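Q: Quick one: structure below, then a few questions.
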Amino acid sequence: MGEYNPELEEGVGSEVGEELKEPAMYKVLLLNDDYTAMDFVIEVLRFVFHKSIEDATQIMLNVHHNGVGLCGIYSYEVAETKTNTTGALARERGFPLKCIMERE
Ligand code: TYC
């Protein structure tokens, strides 16, 4: 997608040697709401984020109790794809589930 990608930004930070730095990483977070089915959240964590049933259940309950939970940390492109896929699946199923990405 041709959206804003800070990795491609020029100017400040684009100094000699920049290419030797590790690429920025992004947290993908799930937000709690009162309507999304717990089973659906577990499904998303299993199939989009490749979590085991046990880990997916733990992350879902963590979000349910604390309001937010970490799904994983990825490169910009991977984080963006997982965030968008989660949003699309939720919309398709009629759930208000919110998935966001945040620079580490
Ligand atoms: N709070 C939801 C419920 O009680 C479950 C839920 C968990 C929703 C995690 C969103 O990211 C979420 N059905």
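Q: Kindly write out, for region 29-36 in residue order, the coupling ³J(HN,Hα) from the Karplus curve 6.51 cos²θ - 1.76 cosθ + 1.60 (θ = phi - 60°), rounded to whole Hz, with x marking Gly and Pro.
A: Each residue of region 29-36 in turn: 10, 9, 10, 6, 8, 8, 10, 5 Hz.
Q: Using amide H atoms built in the peptide plane, which far-off residues or other-chain residues are under 5 Å from K51 H to H?
A: R46
Q: In addition: What FRET efficiency do you get for L31 and R103 if R0 is 25 Å and r is their Cβ-Cβ distance, rounded to the nearest 0.05?
A: 0.90
Laboratory data are not the source of any read-out in this text; all were calculated from the coordinates shown. The structure displayed is predicted, hence computed values, not measured ones. With ideal geometry, Cβ positions are generated from the backbone for all residues, glycine too; neighbour counts draw on all protein chains shown.
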